[in-house]
Amino acid sequence: MLIGELASRAGTSTRTLRYYEQHGLVRAGRDANGYRQYDDAELRVVHEIRSLLAAGFALEDIRPFVACLRAGNDSGHVCPDSVLVLRRKLAEVDGYIEQLTDIRQQLRAQLTEAVAHRESPCHTQTCQP
């Protein structure tokens, strides 16, 4: 199929497909007239790439998943190299969750303090308790 058809079927742009190809993730042959020709299997590869990018993976992280699909697997996440990337990404997400949990606790404490201060009848230093 031509690049326009693949882009349409994958829900992306021709520019994006050329970008993926430039990074070695998508493969295209060439017609005699120089037009890119894509195998039907590339549609599955593009869907995998887009899904992983949407989940926060970098292009470099996606390579093992694409290689896994190209090896004939039904899914890109079943190969050992893909599992390593998944483990690393999960650890990264867990780290983000810890950071966000700490930030939430800090914000909650600041909000509690601010509300208590605001509801206090005396807001100036001249007030005597």
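The values are calculated or read from the model by the stated rules, or taken from the named source; none is laboratory data. Bear in mind the structure is a predicted one, so any value in this text is a computation, not a measurement. Cβ: placed from backbone, ideal geometry, glycine included. Neighbour counts: every protein chain shown.
Scoring residue 20 on the criteria (1) closer than 16 Å to residue 67 by Cα; (2) surrounded by fewer than 17 Cβ atoms within 10 Å (Cβ to Cβ) leaves a single failure, condition (2).
Checked against (1) surrounded by 14 or more Cβ atoms within 10 Å (Cβ to Cβ); (2) at pLDDT 95 or above; (3) not aromatic (Phe, Trp, Tyr), residue 28 passes all but a single condition, namely (2).
Of the helices (runs of 4 or more DSSP H) lying entirely inside segment 19-129, those containing at least 1 residues that are within 25 Å of residue 4 (Cα to Cα) and within 21 Å of the chain's Cα centre (by Cα) are 41-54, 59-70. For segment 6-17, a residue qualifies if it is in contact (Cβ under 8 Å) with a residue 24 or more places away in the chain and either within 16 Å of residue 60 (Cα to Cα) or surrounded by 13 or more Cβ atoms within 10 Å (Cβ to Cβ) (or both), and the qualifying residues are 6, 9, 10, 12, 17.
The requirement of being among the acidic types (Asp, Glu), closer than 30 Å to residue 27 by Cα and surrounded by fewer than 13 Cβ atoms within 10 Å (Cβ to Cβ) is fulfilled nowhere in segment 98-113; no residue meets it.
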